[in-house]
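The values are calculated or read from the model by the stated rules, or taken from the named source; none is laboratory data. On a predicted model such as this, the values are computed, not experimentally measured, just so you know. All Cβ positions, even for glycine, are placed from backbone atoms using ideal geometry, and neighbour counts span all protein chains on display.
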Amino acid sequence: MSLLANVSCVARDGRAVLIEGTSGSGKSSLALALIDRGAVLIGDDGVALAARSSKLFASPPERIAGLIEVRNVGLISLPTAADVPVALVLRLDTQAPRFIDAAEACNVGGITLPLVRLWPDGANLALKAELALSHWGLSFLPSPEP
């Protein structure tokens, strides 16, 4: 298992979303907005990753498990999800294109994942993140029962 620093990660409907961006770009704020809309925290300012069976799985890092920084409030403890397959990477980027025909590809931990760049400002950022997951995120079929 490896640790990836300076990212936030949430789980939605059994799929993890990694949120990347520069310091102060709003990673924690987007994670918090997604949690308010039904997602579950995996990690804030870091995530533990493990590659298995051509998938990347995200879990909370031990030292900060369950903690999220809420600007102007402090560190808040929340429930977490663990061992969730990563379906999408969102990159908060002021140079994000206005329109895309397809998600970009990025390599994280030796696994190729779809990447969507989002403009970091705006009241609809959490909705855009959910739509990106729905439209561009990987789908994971349940394993066949023995």
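Candidates are the residues of region 68-96 that are assigned to a strand (DSSP E or B) and touching a Pro at 6+ places or on another chain (Cβ under 9 Å); the one that is nearest to A126 (Cα to Cα) is L92.
Restricting attention to region 93-121 and to residues that are in contact with a Phe, Trp or Tyr (Cβ under 8 Å, 6 or more places away or on another chain) and buried (at least 18 other Cβ atoms within 10 Å of the Cβ), the residue that is farthest from S2 (Cα to Cα) turns out to be A103. Applying the set (1) modelled with pLDDT of 95 or more; (2) touching a Gly at 6+ places or on another chain (Cβ under 7 Å); (3) over 16 Å from V108 (Cα atoms) to I64 leaves exactly one unmet item: (1).
Across region 16-58, the qualifying residues are those that are charged (D, E, K, R) and surrounded by fewer than 20 Cβ atoms within 10 Å (Cβ to Cβ), and the one among them that is nearest to V84 (Cα to Cα) is K55.
Among the criteria (1) free of Cβ contacts under 8 Å to residues at least 60 places away in the same chain; (2) more than 23 Å from P61 (Cα to Cα); (3) acidic (D, E), the one D121 does not fulfil is (1). Right, A129: small (G, A, S), modelled with pLDDT of 95 or more and surrounded by 12 or more Cβ atoms within 10 Å (Cβ to Cβ) or not? Yes; evaluated as a whole, the condition is true for this residue.
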